[in-house]
Amino acid sequence: MKRLEKLSTLRINPAKTLHFKYKNKNLKGLSGDTVATALYASGIRIFGRSLKYHRPRGLYSLDGESSNTCMQVNGIPNVCAETTLLADGMEVKAQNVAGSPETDLKGFMDKLDWAMPAGFYYRTLHKPARIWPIALKQVRKAAGLGKISAEFQMPGKYDEIYPKADVCVIGGGPAGMSAALAAAENGLRVILLETRPWLGGFFDYRTAQNGAGLSLSQSVRQAAEQLEQNSNVRIFTQTPVVGVYNNNLVTAFQKGCETDYFDERYLEIRATSVVVATGCSERPLLFENNERPGVMQIGCAHRLAQTYGLLPGKQAVFSIGHDLGLEAALDLFDLGLEVLCVADIREDGQDPALIEGLQQRNIPFLRGWVATRAHGNKTLHKVTLATIPGTLRKDFSCDLLVASAGMTPLTGPLSLAQAKLAFEPYTGFFIPRQLPAKIQVAGRLLGLNHPATIEASGRLAGTLAAGDCGVSVESRLKEAREKLNQLPGPDQGSKLVTAPVQGRKTFICFDEDTTVKNVKQALAKGFDATELIKRFTAAGTGPGQGGIPGHNLPLFVAQYHGDIKATAMPTTVRAPLVPTYIATYAGSNHDMCKRTPVHDSQKAAGGVIRRIGVWKRARYFSKDFSCRAEIENVRKNVGLLDASTLGKFRLWGPDALNALQRVYASDMSRITNGKVKYSAMCNDDACIIDDGVVVKRAENDYYFTTSTARAGATVEWIRYHTRYDGWNFHMVNLTDAFGVINMAGPNARKVLAKVTDADVSDDAFPYAAYREFMIKDTIPVRSMRLGFVGELSFELHVPSSYMQALWDLLTEAGKEFGIRHFGLEAQNVLRMEKAHLIIGSESEQRTTLHDVGLGFLWSRDKSEEKTVGAVALRQTENQEARLKLVGFKMEDPSRVPKDGSIIVDNRIRGYVCIARHSFALQEPVGLALVDAPLAGEGTRLQIYEDECNGQHLYATVVPTPFYDPEGKRIRM
Amino acid sequence: MALTLTCPVCGKRNGYEFRYGGEEKGPRPDEAGITPRSWCEYVHMNQCVAGIQKEWWCHKDGCGVWFTTHRDTTCNLEVDKPEAQS
């Protein structure tokens, strides 16, 4: 198709050709084209088939108001071709077609509409019940437009930003631009969001004069250039708004252009004030076959020519209800379109200059006439016009029908901001009656139409927004109001809802194939409210998000009830206002994790790294996931474990002890110098949430550890539970400041003695003692003798910066004693053999301190401190029917049950927390939480493993610990 | 997050930075002679006001302070001068 290349309003670059593929053909478009306009330029008129009836669908609007031009682009289904810019090498496919869009084998569905009344599958396909499973398959097959392959991987780069602004202006048309400029002139930071790739809104493509000797297009492009120079204004184009929330939080997404580093970017903007200047779309005209390819809206036809250089047809009929339609008819006539007739719904109220223009060009003009039927099997070839009452009729052969009933204000962002909308009879719009705090409105969505009025209303809104931000604007406000008052106000809107039609194919919603007849069926069923009809007929629930039926449906329903003013209510709008990729919401993949100071050397030593909570940790050090070598080396020689992820805290100040007493179950006043105290924290239900050790480093100065998982929440926890007390203490989280090495095994002392002059003999540094000393006279360590893995062990806490040095020193010094690393899995088996618990593995939300056998930690003599959990500990102490932690051995030692297997008799009685083969005991052992009556020693447990096919496993409750019950080895 | 809260130390911030700490219920009750029922009521039962409620928040991703504020639960907005509105 030849383009009109000389127009000054063009947004395409005729010099730059882009190539793309459609139906296995190589087609050409121009830089600046959307996918839809490039296809249109290549002569494509049918873009796809409709959801239910497989009716041909074509270009109707250019802003994605319907699913007509949803296509598969580069493998991504349901891409809106109207709003997606063409790129070189794109592969475009039509959707919902069997064959091609032009000859769809399922086209016969259009004749079966009688079998598919509104809500038919809720109403019919369940009687008798056995047909539903069969029907379900068919409904599923027919549902949806695009198809996606199971292997599909979403391509592209996605990002997110969280900018702040004083004023956020939604809509970069003339009103929004004026508002942005007015706010920026008051020294405020402004963000301007525009859906299209350029500013200018409905001025951008118009050649009408603005009164100062320039066309609207020229003047608005000059203004856009000025605005782009303004350093106070940040402009985002190709950025549709998807949500508006409390406290003026605006969410949007930006499509990247060639030079951007992202394909799409999610924006979350916090603004002090928001100006909504979204303007209008067109209200579709309801008549028979109103979506036949060849029927399009005014703006679509006008912009195809002026913006993309494409004459939309050869012979055209206009059936319109707004002056923009008259303007488009004149303009397109001048560009070479044969205009057979212009029918205007309105009897009067037209701009006389436009009427005169029609007369000068000898274009027949019919007042009070409207299109009632589009003819043509696949695309339009004839139109029937009629008077509004339907008494007179005329036919015109044509290939283009420009049809529009009037304007529809785009109030989505206002509705989301909880503005109450009400029907305004003069304009026929749903207009906000009351605005939420710090939200302003400007422009066409208020019914304004005169260019100067639109700009003046933008200035006023921008000034009001500046006032919201605390700028003193009284005089400017007065000036802006006076200026606006001198200009023409809103235009009267056209009243017509439906043309006088007889047939069954007048579509109120294109996406869901909802006809006027379907709406009548819903009304006949008693669904009287628009919201209910929307749900019953699915009108407005498609990808267009109500873009087509949003205005017509409530008007139609209100008209049916006989009183538009009293009953017209818009349906509720919800975010996202525009279909948005989930990939865009997900943003870029920030895998935010922490690494310990010896991460790299563990990895180099063969460590298999796994993500555990916020940390990356070494789980295994060999391919043998039973970790036999690592485990046996700890039992026989000595092993090194990186335990840097432990929570580590300093708590000090005059009330430090009070704070500890509040959160720990034990009596923390009994901590002695140079000794570690093991204790646990409970919540107010007595359930165990954490365990760890506390040492007293000086008077009122404590150092304590928590489990890895609790490291993040501990400071918050302690502050929460002391919030009423006004105690004087301080806390600092040292988790990342200190690395921890657990050196465990019978040779541990020999290794340590090699690197320090401190006396580490059992007499000088016995079990459960705490010492601080220097390694090689350089590295300060805080050392504890603990026994988590059941062997002689030294836990060495060192400043993170020394961690690597100490790790290397010990690895080197331990060579002669058989030292090697061990990972988390080895530790897990080692500690299980000792029945030492890990919170979250052997406990859950409802597990109390008593249940895991740690009730002895609780000191009942310190009630004056109001220990967290103490009341419930007392109340649950002798409670029956609780799950208790027990150890078990398997009857058949060749089988280890999976973690999480359930313990059953005729009902569920508990579950396996952990079970592993113990190399020390040469048989499997495990820990389980079981109903108290089953917790007695010698009880036989029946274990039901996932996918066991009824073959239960059997175990016997045995005393714990399994390994070294006297604890001799930890005291070596 | 649409919610904003005003930290007494850091000022008005995005709700993501905070952790909810429940309704303001007063300090822990005296433990002597407390019944399981009355204890459970203190720990678990809430007023669930539809309107302005005094509640605890922790500025977990900021200064770490626990503070009380008033929030209108019907619109999820922090209330500046609760006395004037209640």
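The values are calculated or read from the model by the stated rules, or taken from the named source; none is laboratory data. Predicted, not measured: the structure shown is a model, and the values here were computed from it. Cβ placement follows ideal geometry from the backbone for every residue including glycine, while neighbour counts extend to all protein chains displayed. SASA here: full protein model, heavy atoms, side chains in, ligands and nucleic acids out. Shrake-Rupley method; radii C 1.70, N 1.55, O 1.52, S 1.80 Å.
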Inset, instruction - Can you find, among A:Leu86, A:Ile779, A:Ile161, the residue farthest towards the positive end of the dipole of chain A? Put +1 on the C-beta of Lys and Arg, -1 on that of Asp and Glu. - result: A:Leu86
Inset, instruction - About the Cα centre of segment A:656-728, how large is the charge dipole given +1 on each Lys and Arg Cβ and -1 on each Asp and Glu Cβ? Please answer in debye to the nearest 20. - result: 240 debye
Inset, instruction - Just read off the accessible area of A:Asp399 with the full protein assembly in place, 1.4 Å probe, to the nearest 10 Å². - result: 60 Å²
Inset, instruction - Heavy atoms only, probe 1.4 Å: what % of the accessible area of segment A:267-382 goes to carbon and sulfur, would you let me know? - result: 44 percent
Inset, instruction - Would you mind putting A:933-944, A:642-653 in packing order, based on average other-beta-carbon counts within 10 Å, highest first? - result: A:642-653, A:933-944
Inset, instruction - Take the alpha-carbon centre of segment A:638-672, take the same for segment A:206-254, and report the distance between them in whole Å. - result: 59 Å
Inset, instruction - State, as an integer percentage, the relative contact order of segment A:442-593 based on alpha-carbon contacts under 8 Å between residues 6 or more apart. - result: 15 percent
Inset, instruction - Decide, for segment A:880-972, between rounded, prolate and oblate: order the square roots of the alpha carbon gyration tensor eigenvalues as a ≥ b ≥ c, take rounded if a/c falls under 1.5, and otherwise choose prolate if a/b is larger than b/c, else oblate. - result: oblate
Inset, instruction - Rounded to the nearest Å, what's the spacing between the alpha carbon centres of segment A:1-77 and segment A:589-607? Just the number, please. - result: 50 Å
Inset, instruction - For peptide A:243-251, compute the average count of partner chain beta-carbon atoms within 10 Å of each residue's beta-carbon. - result: 4
Inset, instruction - Could you tell me the accessible area of A:Tyr560 in Å² (1.4 Å probe, neighbours in place), rounded to the nearest ten? - result: 130 Å²
Inset, instruction - Name the cysteines of chain B that stand alone by the Cβ rule: no other cysteine Cβ under 4.7 angstrom. - result: B:Cys40, B:Cys48, B:Cys58, B:Cys63, B:Cys75
Inset, instruction - Just give the residues from segment B:53-72 buried by at least 50 square angstrom of accessible area in the all-chains context relative to the isolated chain, probe 1.4 Å, and say none if nothing qualifies. - result: B:Trp56, B:Trp66
Legend entry - Computed magnitude of the charge dipole of the protein assembly as shown (debye, nearest 20; Cβ of K, R +1, Cβ of D, E -1): 2300 debye
Legend entry - Listed residue (A:Ala709, A:Ala665, A:Trp615) projecting farthest to the positive dipole end of segment A:602-713, Cβ model: A:Trp615
Inset, instruction - Rank these by accessible area, largest first, 1.4 Å probe: A:Thr498, A:Thr960. - result: A:Thr960, A:Thr498
Inset, instruction - Would you calculate, for chain A, the mean residue ellipticity at 222 nm contributed by helices, counting each DSSP H stretch of 4 or more residues as -39,500 (n - 2.57) and dividing by all residues, to the nearest 500? - result: -6500 deg cm²/dmol
Legend entry - Whole-percent carbon and sulfur share, accessible surface of segment A:891-972, 1.4 Å: 47 percent
Inset, instruction - Quick one: which residues, 5+ away or cross-chain, put their amide H under 5 Å from the amide H of A:Leu27? H built at 1.01 Å from N. - result: A:Phe20, A:Lys21, A:Tyr22
Inset, instruction - Go through A:470-478, A:330-338, A:531-539 and give me the packing order, highest mean Cβ count within 10 Å leading. - result: A:531-539, A:330-338, A:470-478
Legend entry - Percentage relative contact order, chain A, counting C-alpha pairs under 8 Å, at least six apart: 9 percent
Inset, instruction - Sum up the lysine pairs in segment A:491-624 that clear both bars: alpha-carbon distance under 25 Å and a spacing of 8 or more or different chains. - result: 22
Inset, instruction - For segment A:656-728, just say rounded, prolate or oblate: build the C-alpha gyration tensor, square-root its eigenvalues into a ≥ b ≥ c, call rounded for a/c under 1.5, and beyond that prolate if a/b exceeds b/c, oblate if not. - result: oblate
Inset, instruction - Show A:Met681, A:Met774 ordered by accessible area, largest first, where the area counts protein heavy atoms only and the probe is 1.4 Å. - result: A:Met774, A:Met681
Legend entry - Inter-part distance where segment A:838-880 and segment A:797-830 are each reduced to a Cα centre, Å: 35 Å
Legend entry - Nitroxide proxy distance, nm - points 7 Å out along Cα→Cβ at A:Lys141 and A:Glu479: 7.0 nm
Legend entry - Unit charges at the beta carbon, dipole of chain A: most positive-side option, A:Gly606, A:Ser472, A:Pro197: A:Pro197
Legend entry - Amide H within-cut-off set for A:Asn449, under 5 Å, with H built and near neighbours excluded: A:Asp491
Inset, instruction - Have a look at the protein assembly as shown and give its Rg and Dmax from the Cα atoms, expressed in angstrom. - result: 37.0, 114
Inset, instruction - Working with all protein chains in place, sort A:Asp757, A:Asp563 by solvent-accessible area computed with a 1.4 Å probe, largest first. - result: A:Asp757, A:Asp563
Inset, instruction - Quick one: grab the alpha carbon gyration tensor of segment A:287-404, order the square roots of its eigenvalues as a ≥ b ≥ c, and give me rounded if a/c is under 1.5, else prolate or oblate depending on whether a/b is larger than b/c. - result: oblate
